[in-house]
Amino acid sequence: MGTTLATYYAKLQDMIELQGEMEKIHNARTAAESVGRQVVQAPMPGVILKTYVKKGDSVKRGDPLCVLVAMKMENEIRSVTDGVVKEVFVEDGMKVGLNDRIMVIE
């Protein structure tokens, strides 16, 4: 039983560390001032569950662009700038790796 409890605490610690890293990524992204061409990249490996925008759509800062599922958690990727979607590199159900291009906003 001690091993099971130790395993549980180790997994819990890993989850806490991952949450901290995700918060760092989110804070860095929302603090960034973007001008001109913005390439939206995957913040972690996962699967694109749903894409909310298509080429030619206008977006405002904070608008949801797509949902990335990673480790059974849905992560909404939001625009960090106002602009127009110029290119979309993903589609629903597509696997992406860390820093893979998702779309371009100008």
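The values are calculated or read from the model by the stated rules, or taken from the named source; none is laboratory data. Treat the numbers as computed from the prediction; the structure is a model and nothing was measured. Methodologically, a virtual Cβ is constructed for each residue, glycine included, from the backbone with ideal geometry; neighbour enumeration extends over all protein chains shown.
Considering each residue of segment 1-29, count those that are basic (Lys, Arg) and at pLDDT 75 or above, and give that number.
Summing the residues that are basic (Lys, Arg) and at pLDDT 75 or above in segment 1-29 gives 1.
Inside segment 68-86, can you point out the residues that are surrounded by 14 or more Cβ atoms within 10 Å (Cβ to Cβ) and of a type in the set (Asp, Glu)?
Asp82
Only one of (1) on the phi < 0 side of the Ramachandran plot; (2) at pLDDT below 95; (3) under 14 Å from the mean Cα position of the chain (by Cα) fails for Ala32. Which number is that?
Going through (1) on the phi < 0 side of the Ramachandran plot; (2) at pLDDT below 95; (3) under 14 Å from the mean Cα position of the chain (by Cα) one by one, Ala32 breaks only (3).
Name every residue in segment 64-78 that is assigned to a loop (DSSP other than H, G, I, E, B) and at pLDDT 95 or above, in order of residue number.
Those that are assigned to a loop (DSSP other than H, G, I, E, B) and at pLDDT 95 or above: none in segment 64-78.
Checking Gly56 against (1) loosely packed, with under 10 Cβ neighbours inside 10 Å; (2) of a type outside the set (A, V, I, L, M); (3) over 14 Å from Asp82 (Cα atoms); (4) modelled with pLDDT of 95 or more, which test does it fail?
(3)
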